[in-house]
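Input: a single structure, listed below in structure tokens.
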Amino acid sequence: MTKTMPIIEARKKLTSMPEDFEHEKGTDVIAVTRRGKPVLAVLSWELYETVAETLEVLSDENLMKDLRRSIKEMQEGKLVPWDKAKKQLGI
């Protein structure tokens with residue numbers, strides 16, 4: 001969920017924003033506004049890393065090809081039980 005905050009308030013609360021993310025479960029982004037329009041997005045580092053990793057995967061043609069193939073195999077019921085996969089991998 002996105003919380004909206006005027007830039008003047010954000011300036012005052014910048015140092016306490018990490019705690020705000022921890023205490024306000026469900027708030028993952030703070031949209032900082034100027035004159036009522038969003039100008040910045042503040043998000044937790046964990047969410048930033050998640051978004052960055054997702055964008056990295058989406059921009060890699062080979063990874064996306066593998067992901068699409070895996071999804072198709074799953075939809076077709078071509079799943080391998082975890083125990084069997086571990087055995088095949090020697091884990």
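The values are calculated or read from the model by the stated rules, or taken from the named source; none is laboratory data. Because the structure is a prediction, the values reported are computed rather than measured. Glycine also receives a Cβ, built like all others from the backbone with ideal geometry; neighbour counts cover every protein chain displayed.
Kindly check whether there is at least one residue in region 38-45 that is in a helix (DSSP H, G or I), modelled with pLDDT under 95 and not basic (Lys, Arg). Scanning region 38-45 turns up at least one residue that is in a helix (DSSP H, G or I), modelled with pLDDT under 95 and not basic (Lys, Arg).
Just so you know, in region 8-34 the residues that are of a type in the set (A, V, I, L, M) and in a strand (DSSP E or B) include one that is farthest from THR50 (Cα to Cα), and it is VAL32. Report yes if LEU79 is in a helix (DSSP H, G or I) and surrounded by 10 or more Cβ atoms within 10 Å (Cβ to Cβ), otherwise no. Against the criterion (in a helix (DSSP H, G or I) and surrounded by 10 or more Cβ atoms within 10 Å (Cβ to Cβ)), LEU79 does not qualify.
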